[in-house]
Amino acid sequence: MRTKKELIDKLKLIGYDDSIINNVLEKLIQQRYIDDEYYTELYIKEKKERLYSKYRIYNELYRKGIDPSIIASKLDKLYEDEIDTIKKLIIKKRISTNDKLKIKNYLFRKGFMIEDINKALLDEEVN
């Protein structure tokens with residue numbers, strides 16, 4: 001499955017004329033072969049399962065040409081709490097509380113907000 005922008009870029013790279021690209025796109029959208037909203041939902045669900053942060057998912061979808069308003073609305077609907085995702089990553093990596101700086105850096109590189117990381121680590125210490 002591809003986004004509208006990815007298909008346009010691919011067809012332009014091959015050398016098709018803009019009018020042909022627009023006609024093809026129109027038909028593909030009418031037949032629902034190209035549906036950026038549906039693509040966004042599937043993408044978010046898959047990446048959330050793989051424990052990606054909202055920030056990372058947003059950026060990847062934006063680079064694929066998805067409209068920012070579609071990304072934001074789908075993320076709000078499908079990706080509620082990053083703290084649970086952070087906790088799952090902490091457990092997955094089995095990092096002890098002695099390695100807080102290491103886990104903070106790891107999670108920050110994954111695109112999580114430092115406030116959420118600190119909250120998740122604090123929750124894990126209490127439990």
Problem set entry | Residue list for the stretch 49-73, filter: under 19 Å from K5 (Cα atoms) and touching a Leu at 6+ places or on another chain (Cβ under 7 Å) | I57, Y58, I71
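So, restricting to helices (runs of 4 or more DSSP H) that lie completely within the stretch 1-92, which ones have at least 3 residues that are outside the structural domain of G111 (by TED's automatic domain parsing) and hydroxyl-bearing (S, T, Y)? Even if it seems obvious, please write down each step before you answer.
Details: elements: 4-14, 18-30, 36-49, 54-63, 68-78.
Counting at least 3 such residues, we get 36-49, 54-63.
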Seminar exercise, completed: Filtering the stretch 3-53 down to residues that are among the small types (G, A, S) and surrounded by 14 or more Cβ atoms within 10 Å (Cβ to Cβ) yields S53
Problem set entry | For I86: the one exception among (1) of a type outside the set (D, E); (2) under 25 Å from I8 (Cα atoms); (3) surrounded by 12 or more Cβ atoms within 10 Å (Cβ to Cβ) | (2)
Exercise. How many residues does the stretch 85-113 hold that are touching a helix residue (DSSP H, G or I) at 6+ places or on another chain (Cβ under 9 Å) and either closer than 30 Å to L7 by Cα or touching a residue at least 12 places away in the same chain (Cβ under 8 Å) (or both)?
Worked result: 16
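The values are calculated or read from the model by the stated rules, or taken from the named source; none is laboratory data. Source: prediction; values computed, not measured. For neighbour counting, all protein chains shown are included, and Cβ atoms are generated from backbone atoms with ideal geometry for every residue, glycine included.
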